[in-house]
Amino acid sequence: MKRFILFFLIAISSPIWSQQPVIKGRIVDATTQKGVPYTNIGIEGTFFGTASDSTGVFELKIPEGNEGRKLLVSAVGYGNASYMIEDLLKKDYVRILLTQQTYAIKGVDVSATSKVLFKIVKNVIEKIPENFVSGPLRMDWYYQESEKVDSVENRLDAVISYSDKTGYTKPSVFGAFCDRNYYYDQVRKNFKIYSFPSGQTGFDGLLDMDLVRMNSSVFSENLIEDYDLHLDDTVLYNGDYVWVISYKLLKPDLAHSGDFFVKKLEGKMYVEKRNFALIRNECEIYSDWNNAQNRSLGTHFVSKKDVRYHFIALYSELFGLKYLGSLSCDESYTNPDGKSVSFFRSARSIRLWRSSDQIAGRQYFEDITYDKKFWDDFREPGI
């Protein structure tokens with residue numbers, strides 16, 4: 001039975017102190033010597049782990065008693081690697097090399113016809129309720145955002161409590177809006193709240209980038225025919241074959257992108273061959289304008305110009321079912337003063353469990369009192 005009670009906890013209730021040993025380093029492509037972004041890095045036999053950033057750099061605190069275990073490293077398109085943690089801790093900075101691996105899949109190769117690719121994606125859509133967790137769910141998220149204008153950077157960290165009444169049982173835009181709710185449990189920031197807009201965060205918009213839960217864009221059976229699909233590669237990931245399928249929206253519009261002023265949308269999805277489950281989706285969208293309150297609004301009041309955002313959704317697995325492990329979005333635009341703005345958001349799952357105790361409503365505005373003891377004891381989670 002796949003639909004049994006889920007319980008997943010990367011404990012934040014037990015303090016993990018700053019004097020813990022730390023492994024710092026970078027994951028590098030053995031051939032190109034370039035950093036490998038968003039690599040999964042974990043301690044063997046535990047839920048402790050992290051992921052490399054967009055340049056391959058990572059940092060992982062090692063909880064007491066795990067020094068004798070192995071550090072496991074995996075990334076889509078690369079062979080897995082493992083190292084003894086006690087050996088890595090002897091170095092101030094480690095450089096881990098990953099070797100690219102590409103494998104042909106019998107019956108489907110890079111010359112696959114468009115018809116075959118559409119069938120693959122339609123199978124992905126059809127099997128979402130079978131491959132992903134159902135509700136009612138509760139989750140805790142570790143959320144971060146950073147907004148830079150010139151040399152000024154506003155930073156916010158938060159722990160967010162979240163619920164989803166139905167999960168991925170019947171994914172839809174309407175269901176995602178009605179059934180997913182959240183509130184801010186803990187917040188740490190380097191700026192003060194002076195108005196309602198300054199108290200809004202980007203978490204709500206980030207949730208909309210889980211296109212699988214939304215059953216929207218390229219993951220909607222009603223819209224998929226409006227995309228151009230290509231099989232870019234076939235790779236091996238954690239022992240499973242994965243299709244890497246690129247997609248491009250032929251006629252960009254609001255219905256397909258969620259962006260009123262969209263002019264370009266393209267991305268890549270990573271699909272497991274064995275069960276047609278999505279493990280990663282990345283998408284890049286370009287818009288001439290965006291409304292500051294919501295990118296779907298088409299009003300004349302706009303405060304963002306020449307907008308570009310690139311988001312990545314990573315889906316992890318627990319007891320044979322996929323769940324949203326992390327979301328990140330890197331956005332850039334020009335504000336009304338003509339200044340370039342960089343806005344980065346990320347959310348990582350730190351706890352997942354089944355519960356009928358669902359949250360009522362969404363907390364769009366936060367003004368939480370800073371709890372120094374909580375943040376002193378808090379250990380930043382991995383993916």
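Values as computed for the structure displayed
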{"item": "Long-range HN-HN contacts of R280 with modeled amide H, under 5 Å", "result": "Y270, Y315"}
{"item": "Of K115/K248; K115/K322; K251/K305; K165/K268; K248/K322, pairs whose Cα-Cα distance is over 19 Å", "result": "K115/K322; K251/K305; K165/K268; K248/K322"}
{"item": "Chain lengthening between L223 and H310 when straightened (0.36 nm per residue, less Cα-Cα)", "result": "29.3 nm"}
{"item": "Potential lengthening between E153 and K165 on full extension [0.36 nm per residue; Cα-Cα distance subtracted]", "result": "0.7 nm"}
{"item": "Point-charge dipole on Cβ atoms (K/R +1, D/E -1) for the chain, about Cα centre, debye to 20", "result": "480 debye"}
{"item": "Förster radius 30 Å - calculated FRET efficiency between K122 and F174, Cβ distance, rounded to 0.05", "result": "0.90"}
{"item": "Additional length obtainable on full extension of the chain from D371 to T99, 0.36 nm per residue less Cα span", "result": "93.5 nm"}
{"item": "Local net charge near L98, Cβ-Cβ under 12 Å (Lys/Arg +1, Asp/Glu -1)", "result": "+2"}
{"item": "Gaussian network model of the chain, Cα within-10 Å springs - most flexible of N123, N190, N335", "result": "N190"}
{"item": "Helix-only mean residue ellipticity at 222 nm for the chain, each DSSP H run of n ≥ 4 adding -39500 (n - 2.57), per residue, nearest 500", "result": "-3000 deg cm²/dmol"}
{"item": "Between the stretch 162-180 and the stretch 309-383, the alpha-carbon center distance in angstrom", "result": "17 Å"}
{"item": "Distance-filtered residues of the stretch 57-82 - backbone nitrogen under 20 Å, label point 7 angstrom along E317 Cα→Cβ", "result": "71-82"}
{"item": "Proximal lysines to K304, defined as alpha-carbon separation beneath 20 angstrom and excluding residues fewer than eight positions away on the same chain", "result": "K148, K263, K264, K339"}
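We did not get these values from a lab; they are worked out from the coordinates using the rules stated. Since we're looking at a predicted model, the values are computed, not measured. So basically every Cβ, Gly included, is an ideal-geometry build from the backbone, and we count neighbours across all protein chains shown.
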